[in-house]
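Report on the following structure.
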Amino acid sequence: MAHRFERLNGIRVQEVRSCPLCGDEGTTLYRDLKDRLLGAPGTWTLLRCPECGLVWLNPRPVAEDLWKLYEGYFTRGSVGRVSGLRRLVESSILASMGYDGSQLKRVLGTALSWIGPLKEAVELSVMTLDGRMRGKLLDVGCGDGRFLAKMRDLGWEVTGVEPDGLAVEVARERFGLDVHRGTLEDIRFPERTFDVVTMNHVIEHVPDPVGTLEECLRVLKPGGRLVVTTPNVESLGHRLFGKRWFHLDPPRHL
C-alpha cells in the first residue's frame, strides 16, 4: 500500500498523531515552531502523549528527506586547548571513576567530586561510563569523533556511526578512528558485538526512535549498557522558557 506524503518547504512529511511509544493520540504542546538555532526550513508542531509524556514532531519528515533539515547542522569543528588546571581536575575525577591515575589523583578526584557541577561535567564528558567496565564501545551519531578519540585514549575499544560524510572524513583522518558512514540500521553490525552503546542527543533526531533502540539492543552484548542523552521537557529550563527553550548538547569535555 502506497504512503501518502505532504510537502513542507520542499520536504516530504507524514502526519503522526499517535505516540510512537505507547500509541495514545497526542495533544498539542506547541504550534508554529521554527528552528531559531540552525535555521532548518519549515514550521512545526510538537505533540505530547497524555499517557507517557513523550514529545514528538508533527508532521514528521520522511526518512529519505531528513538530511535536508541538517545541511547547516554542525557535527565537526576545531579541537580547543584545555588549561592545565582543567586537565588536572578532569583527570583526577576520572581517576576516582576507575580510569588510570595515581593514588593522589584518585584522592583528589574523590574530594573534587563533592563539587556537584564539576563531577557532573566530567561524568557527562565520558557519558557516565565507569573506567572499570572498559570494553567495546559504539557511539551512534559520533560527529567528527572527538568523544571516541577521548574514550580510546582512556582505554576503550571504539567504533562510530555517523551519517555526515564530512564528519566521518574528519574522524578517520584527524583521529584515525573506525567510523562507519550511515545510520545504525544501515550498518547492520553483528549481534552482541558491543559492551556499551552511546547516543548523545541523537534519539530525538532519528525517524524511528523505537526501531533505533531495538537495534541498539540487538548489537549489545548480554548485560551491556545503553547510555542516551536527550532534552527533558520536565527540566527547569523548559519550565522557565516554554516554547523559546532550546537545549544545547551536554559537554563532552570539561
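Maximal additional length on extending the Leu37-Asp186 stretch stands at 50.8 nm, based on 0.36 nm per residue less the C-alpha distance. By DSSP, the beta bridges lying fully in the chain are antiparallel in about 45 percent of cases.
Entry note, the chain: the mean residue ellipticity at 222 nm calculated from DSSP H runs of n ≥ 4, each adding -39500 (n - 2.57), is -8000 deg cm²/dmol after division by the residues and rounding to the nearest 500. Between (1) 1.05; (2) 0.92; (3) 0.99, which entry matches Rg/Rh (Cα atoms, Kirkwood Rh) as derived from the coordinates of this structure? This structure yields the entry labelled (3).
Rounded, prolate or oblate: which fits the stretch 122-196 when a ≥ b ≥ c are the square roots of the eigenvalues of the alpha-carbon gyration tensor, with rounded for a/c under 1.5 and prolate only if a/b beats b/c? Judged from the Cα gyration tensor, the stretch 122-196 comes out oblate (a/c at least 1.5, b/c at or above a/b).
For the chain, lysine pairs with C-alpha atoms less than 17 angstrom apart, excluding pairs fewer than eight positions apart on the same chain, total 5.
Annotation: peptides 23-35, 133-145, 197-209, ranked by per-residue average of other Cβ atoms within 10 Å with the highest first, follow the order 133-145, 197-209, 23-35. With all protein chains in place and a 1.4 Å probe, the accessible surface of the chain carries 54 percent carbon and sulfur.
Loop-only GluC sites (Glu not before Pro) in the stretch 151-203, please: DSSP not H, G, I, E or B, and at most 14 other Cβ atoms within 10 Å. Provide the component values of the computation, followed by the final result.
Numbers: sites: Glu157, Glu169, Glu173, Glu185, Glu191; in loops: Glu191.
Filter output for the stretch 151-203: Glu191.
Computed FRET efficiency, Cβ-Cβ of Ile115 and His201, R0 22 Å: what is it to the nearest 0.05? Using R0 = 22 Å, I get an efficiency of 0.30.
The values are calculated or read from the model by the stated rules, or taken from the named source; none is laboratory data. Remember, predicted model here, so these are calculated numbers, not experimental data. Glycine gets a Cβ as well: all are built from the backbone with ideal geometry, and neighbour counts include every protein chain shown. For accessibility, only protein heavy atoms count, side chains too; no ligands or nucleic acids. Shrake-Rupley method; radii C 1.70, N 1.55, O 1.52, S 1.80 Å.
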